[in-house]
Amino acid sequence: MNEAVELPDPEIPDIDDDIREPLMARTAELLGVPVRACPVRACWRSGACRYVDPEPAPIRPWCVHQLTETERAGFEALYTRVRAALIILLLEAEPLPSPDPETRELQDAALEIVATVLCDHPANRPAVRRWIRRRRDNLPALLEGDALKAYRAAVDAVPREMLKGLPWML
């Protein structure tokens, strides 16, 4: 594996608290964190994140503080892609989805979270749905077997510094 993988995740511009809190809450919900780890009764009973703690920096749902380091790293990896998906959707950019099944699954989950949050406001729904339809029409085939191994080897060979502006692909 490439030694550059040990570098921190790429920087993505900060987003407003108005949207950061629901994005973090929906990310936690998708991973099932409120049911498994949240100390707030309303959260674990409903299976939904009801409380995002504004005090500690960075702002996170309470249940995320209860996770192990490995689980928290998984949450942060998905949330990095969620923030990237938000920027991509807001700019109406069209990056190519990954042909790697695991990366594509994370990208799809991130888009689902962002679409859910943005579609809470009815004015955003047509634009978000249009973007998702365009993406769905241009999906590349998923790789398998030797082709997948070769693709992953090629991605691993790219220095992490070169991928800093591409959190969508990490």
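The values are calculated or read from the model by the stated rules, or taken from the named source; none is laboratory data. Being a predicted model, the structure only gives us computed values, none of them experimental. Here the Cβ positions follow ideal geometry from the backbone for every residue, glycine too, while neighbour counts run over all protein chains shown.
Numbers below:
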| quantity | calculated |
| --- | --- |
| Test for residue 125: is it closer than 30 Å to residue 50 by Cβ and modelled with pLDDT under 90 | yes |
| Output for region 88-108, where each listed residue is assigned to a helix (DSSP H, G or I), in contact (Cβ under 8 Å) with a residue 12 or more places away in the chain and touching a helix residue (DSSP H, G or I) at 6+ places or on another chain (Cβ under 9 Å) | 88, 89, 101, 103, 106, 107 |
| Region 115-152 - residue that is exposed (fewer than 14 other Cβ atoms within 10 Å of the Cβ) and hydrophobic (A, V, I, L, M, F, W, C) and, of those, nearest to residue 23 (Cα to Cα) | 123 |
| Residue in region 98-114 that is on the phi > 0 side of the Ramachandran plot and surrounded by fewer than 16 Cβ atoms within 10 Å (Cβ to Cβ) present | no |
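For every residue, the table says whether it meets (1) under 15 Å from residue 117 (Cα atoms); (2) more than 12 Å from the chain's Cα centre (by Cα); (3) among the basic types (Lys, Arg); (4) modelled with pLDDT under 80.
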position	(1), (2), (3), (4)
1	no, yes, no, yes
7	no, yes, no, yes
24	yes, no, no, no
28	yes, no, no, no
57	no, yes, no, yes
62	no, yes, no, yes
90	yes, yes, no, no
96	no, yes, no, yes
99	no, yes, no, no
